[in-house]
Amino acid sequence: MEKLVYSIQEVAELLGISRSYAYELVRKGEIPVLMLGKKRVVPKEKFNRWVNGEEELEK
């Protein structure tokens, strides 16, 4: 079964940045996230579109 979401740690690894910087980008609203219970996750499809410049985040 394919994963539908990434953890913040996985996003940091994919982007080649630290986990703390990934959380900073989340806090600034630059990385698309949603809450899954108390955990922040990044929807895989939305992340891929964001990385490819196909999706701008609403501020």
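Which order results if 35, 1 are arranged by neighbouring Cβ count within 10 Å, fewest first?
1, 35
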At most 16 other Cβ within 10 Å, DSSP loop - trypsin sites (Lys or Arg not before Pro), region 1-54: 3, 28, 38
Long-range amide H partners of residue 5 with built H, under 5 Å: 44
Lys pairs, the chain - Cα-Cα below 19 angstrom, 8 or more residues apart or on other chains: 9
Most positive-pole-ward Cα, 9, 31, 47, against dipole of the chain from beta carbon charges: 9
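Grab the DSSP H runs of the chain that are 4 residues or longer, score each as -39,500 (n - 2.57), total them, divide by all residues and round the 222 nm result to the nearest 500 deg cm²/dmol. Kindly include the intermediate steps, with their values, before the conclusion.
Working: 3 runs with 25 residues, N = 59.
Dividing the helical sum by the residues of the chain leaves -11500 deg cm²/dmol.
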Net charge dipole size for the chain [Lys, Arg +1 and Asp, Glu -1 on Cβ; Debye, nearest 20]: 340 debye
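What longest range of the chain stays clear of loop-exposed GluC sites (Glu not before Pro) (DSSP non-H/G/I/E/B, at most 16 other C-beta within 10 angstrom)? Show your work: numbers first, answer last.
Details: sites that count: 2, 30, 54, 55, 56, 58.
The longest uninterrupted stretch comes out as 3-29.
Here, each number is a calculation from the coordinates, and none is a lab measurement. Being a predicted model, the structure only gives us computed values, none of them experimental. In this analysis, Cβ positions are derived from the backbone assuming ideal geometry, glycine residues included, and neighbour counts consider all displayed protein chains.
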